[in-house]
Amino acid sequence: MTRLTAILAASTFLAGPAMAEMLTLEKDELTFGFIKLTDMAPLAVAYEQGYFMDEGLFVTLEAQANWKVLLDGVIDGQLDGAHMLAGQPLAATIGYGTEAHIVTPFSMDLNGNGITVSNAVWEAMKPNIPTDAEGRPQHPISAAALKPVIEQYRAEGKPFNMGMVFPVSTHNYELRYWLAAGGIEPGYYSEQNTTGQIGAEALLSVTPPPQMPATLEAGTIYGYAVGEPWNQQAVAMGIGVPVITDYELWKNNPEKVFGLTADFIEENPNTTIAITKALIRAAIWLDENGNANREEAVEILSRPEYVGADPEVIAASMTGTFEYEKGDVREVPDFNTFFRHHATYPFYSDAVWYLTQMRRWGQIAEAKPDSWYDEVAKSVYKPEIYLEAARMLVEEGLADEADFPWDSDGYKAPTPAADIIDGIGYDGRTPNAYLDSLPIGLKGDQTVVGSEIQG
Amino acid sequence: MTAVDPTAIEAGHKEARRARWFARLGVADRWFQVLGLAWLTPLIKAAAGDNPRAQMRDVWRLLGVPLLAIAGFLALWAALAPQVQTSLGAIPGPGQVWTEAVGLHEDAVRTAEKKARFEEQVALRNERLVEQGRADEVKEIAFTGSPSYYDQIGTSIMTVFFGFLVASAVAIPLGIMAGLSATANAALNPLIQIFKPVSPLAWLPIVTMVVSAVSAAEGGLFAKSFLVSAITVTLCSLWPTLINTALGVAQVDRDLVNVSKVLKMSPRAKITKLVLPSALPLIFTGLRLSLGVGWMVLIAAEMLAQNPGLGKFVWDEFQNGSSSSLARIIVAVLTIGIIGFLLDRVMFALQSLFTYAPNR
């Protein structure tokens, strides 16, 4: 039996790309970190389907307790790379938080987040939401429906607390964008005061994703913005109602990236390309044949060493549906997009959007010229490595030439107004003009001094 | 022609054999008690026909009553558990816990298969490298998958023993010193009284920072989380051994001490031939207590230091929040209890081997 298994293993090993001939790897034993969220799927799939092994990489995947521990792990070198929030490499490179030059050659997915509020807040919001033909709340729900609820809570002396996962996380910016689009002040950061609650009507603070349902249940927060499966988990537990997904906020917005230190990719260029190749293959598999492999992906993710939540909870969003109120299930086919719409290409315009949001809320204290945004984006996002890996995959016959944007200059076409909840289009090439077009937020040369905006 | 009845001789032999048999049974009984199988002795005696009614009463007390109590507890659990609803579902009853335990075993079997396949692939890789003349790149690669439940149990046991042995190595010499010399006792006593009540969770941050600063950046013989957990176990479990050793040494019979003075025994001989054997019962009591405390502390330390053992298993299941999490946590709780019981039995057996008092 062992001999037969050995022969079978040998044939699978030889059938994959002959690693010895193609790339000489500088380092082949790697440790990657991740947080228990559905969108770590490309890492789990690359391991379980043997894509890492095909490239000659021996990868250990380690769940991290929270985003801070994960970031510190990458900076200290205990983790060679990690599943990261798109804002983390950018914030670390510009020196917000621990300073370190972190880069990314691979965007892990699009969309995948939701904003959930507690049952009590939902009941108070419902009268303000128009209903559609079938009597269900009309989507997308604007935060304007939440504004009267917040005013009522504040009149009663209860601060309206909401949770997000990290000061530079996509969820923080998406929650703020949604609140601002409804006319609610989400608060500013200043150099002295980094709580992000200056002048805020809704007070946002940090909670690690797996602990969010528990914190909502305990009443410490009245709502949160987080990635899946923690929105559906709230519905399953009967403690909250998701009001909007980030797909409805901004269609096909960038979400997570795979981050490595700049030193690592300098010292291990071939290893970086091998990692990117394996991850691209995993992303292709996840979106293959109209999401045919998603069921298997759900089974992998529900294992305790990956995400560990119940398969039913993970399956909802992974298979294209999303449950809002209990029983109100709607089709959201691109909720988790791993490869379609060029999801894995690290676009500079994505980096610039996050930088504009950091500037909008005061994390970047002073105004910067458009060229600065472009420079930072180019130093953190590495599409050249991505394209090199993609080229090798196409030559090996594992990917389709047509799937990759070979000729892109790194900037997506400007987002049409219809794709965004408040109708304000975004063009990555003109970040300052974009900032000026947003009603709530720092514009031009404004800075936050003490507890007010000056300039 | 003898006047002796042959059957009487037979009966005599039989009686002698029976007497020898019961003598052996008496010796074996000591071992049965150590192993928790005390009920075997009266059962065997009853089978051999030695006052069956009295023996059956003993069997009832030693075996029947405990079994009935366990069955009663399981019945109560099965009845009450579904009535408590939490956000993760109802508290699991014995049936669900058993299902999860079986599930964990099956996962462990699958992990073993994955590990075997992984090792074959590594072996193949090494062979190919040698064929290509790159023999210097051959290396052994540790399995990259997550540990199975049995691996985690093994890690916990190794960590607790490492911490316990270090604690004993520190506590026994210090205890002997404190017991032999009143000055040393006065010096050590205030320190012991202050540090004894400190909880392991208070030691943990300090130990983590010290281990991070002192240990090499990568590699090293032990993983950082292993060292942090083991040292926390040491700091908390050294006190029972220390105090009991000091007490045991101080209580050595005055007459024996006088004998050592008369014989002009060197300190080394005095300690090894006189003090240690007399103090051994109390030293072992201290060791047993230390191991018990260490096992309890280990679970908390592992949860926080993320050492891949049972503590981390419980913490991860809690974070996962799936519908089977509560049942798995209960499986872990029962495992922790059973292993704690077995560790205590092992210490008890060792104690019986090394001490001579009849009732310990």
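Just a few scattered comments:
- Translational diffusion of the range B:240-288, µm² s⁻¹ [Kirkwood Rh, Cα pairs; Stokes-Einstein; 10 °C; 1.306 mPa s]: 146
- Counting only Cα atoms, the size of the range A:78-227 along its three principal axes is 50, 38, 28 Å, in decreasing order.
- Using equal-weight Cα scatterers in the Debye expression, the normalised intensity of the range A:277-372 in log10 at q = 0.11, 0.16, 0.20 Å⁻¹ is -0.51, -0.84, -0.99.
- Length-normalised contact order for chain B - Cα pairs under 8 Å, 6+ apart - percent: 18
- Residues whose amide H lies under 5 Å from that of residue A:86, counting only those 5 or more places away or on a different chain, are A:170, A:257; hydrogens are built 1.01 Å from N in the peptide plane.
- Charge-dipole axis of the range B:1-145 as Lys and Arg at +1 and Asp and Glu at -1 on Cβ define it, positive-most pick from B:96, B:123, B:111: B:96
- Using a cutoff of 8 angstrom between alpha carbon atoms and counting only pairs six or more residues apart, the relative contact order for the range A:322-391 works out to 30 percent.
- Residues whose amide H lies under 5 Å from that of residue A:321, counting only those 5 or more places away or on a different chain, are A:332; hydrogens are built 1.01 Å from N in the peptide plane.
- In a DSSP loop and with at most 13 other Cβ atoms within 10 Å, the GluC sites (Glu not before Pro) in the range A:314-391 are A:366.
- Evaluated on the protein assembly as shown, the Kirkwood hydrodynamic radius is 31.1 Å, with distances taken between all distinct Cα atoms.
- The value given for chain A is a Kirkwood hydrodynamic radius of 22.5 Å, derived from the mean inverse Cα-Cα separation.
- With 5 Å bins beginning at zero, the pair-distance distribution over Cα atoms of the range B:94-172 amounts to 3, 13, 13, 13, 12, 12, 11, 11, 7, 4, 2, 0 %.
- Size-normalised alpha-carbon gyration radius of the range A:318-428, reference 2.2 N^0.38 Å: 1.33
- Placing unit charges on the Cβ atoms only, positive for Lys and Arg and negative for Asp and Glu, gives the protein assembly as shown a dipole magnitude near 5680 debye about its Cα centre.
- Among the trypsin sites (Lys or Arg not before Pro) found in the range B:114-187, those both in a DSSP coil and sparsely packed, with 14 or fewer other Cβ atoms within 10 Å of their Cβ, are B:134, B:139.
- Summing Lys and Arg as +1 and Asp and Glu as -1 over all other residues whose Cβ lies under 14 Å from the Cβ of residue B:19 gives a net charge of +4.
- Quarter of the Cα convex hull surface for chain B, i.e. its orientation-mean projected area (nm²): 33.8
- For the range B:39-153: rounded, prolate or oblate by the Cα gyration tensor [a/c cutoff 1.5]: oblate
- DSSP bridge pairs, the protein assembly as shown: antiparallel proportion in percent, nearest 5: 70
- Two tests apply to each whole DSSP H helix in chain B, Cα reach of 18 Å or more along its axis and mean Kyte-Doolittle hydropathy of at least 0.5, and the ones passing both are B:65-80, B:149-180, B:182-195, B:200-214, B:224-250, B:276-305, B:325-354.
- Residue separation of residue A:371 and residue A:295 scaled by 0.36 nm, minus their Cα-Cα distance, works out to 22.9 nm of gained length.
- Semi-axis lengths (Å, descending) of the ellipsoid that matches the C-alpha gyration tensor of the range B:136-244: 34, 15, 14
- Our compactness index for the range B:241-358, the C-alpha radius of gyration over the empirical 2.2 N^0.38 Å, is 1.56.
- Scanning chain A for DSSP H helices at least 15 Å long along the axis (C-alpha atoms) with a Kyte-Doolittle mean no lower than 1.0 picks out A:2-15.
- Note that the range A:404-410 has calculated 3J(HN,Hα) couplings of 10, x, 4, 9, 5, 8, x Hz, one per residue in order, obtained from phi through the Karplus relation 6.51 cos²θ - 1.76 cosθ + 1.60 (θ = phi - 60°); glycine and proline are x.
- Close amide-amide hydrogen proximity is noted between residue A:113 and A:246, A:247, each under 5 Å apart and 5 or more residues distant or on a separate chain (H modeled in the peptide plane; Pro and chain starts excluded).
- Each Cα pair under 8 Å and six or more residues apart adds its sequence gap; the mean of these over the residue count of the range B:96-212 is a relative contact order of 19 percent.
- Annotation for residue B:75 and residue B:28: the two label points, set 7 Å from Cα along the Cα-Cβ direction, are 3.4 nm apart.
- Antiparallel DSSP beta bridges within chain A, percent to nearest 5: 70
- Net length available on complete extension from residue B:114 to residue B:191 is 22.7 nm, with 0.36 nm assigned per residue and the Cα-Cα distance removed.
- In the range A:190-317, the convex hull through the Cα atoms has an average projected area of 11.5 nm², a quarter of its surface area.
- Label-point gap, in nm, between residue B:3 and residue B:346 - each point 7 angstrom along Cα→Cβ: 6.5
- Values of log10 I(q)/I(0), in the order q = 0.31, 0.32 Å⁻¹, for the range A:145-187 under a Debye, Cα-only, solvent-free model: -1.11, -1.13
- Estimated at 0.36 nm per residue, the fully extended path between residue B:129 and residue B:256 surpasses their Cα-Cα distance by 38.8 nm.
- Three principal axis extents of the range A:53-138 based on alpha-carbon atoms, in descending order, are 55, 36, 22 Å.
- Mean residue ellipticity, 222 nm, helices only, the protein assembly as shown: the sum of -39500 (n - 2.57) across DSSP H runs of n ≥ 4, divided by residue count and rounded to 500, is -17500 deg cm²/dmol.
Read-outs throughout are calculated quantities, based only on the coordinates presented, and are distinct from any laboratory measurement. Keep in mind that this is a model prediction, so the values were computed, not measured. We place every Cβ from the backbone using ideal geometry, glycine too, and count neighbours over all the protein chains shown.
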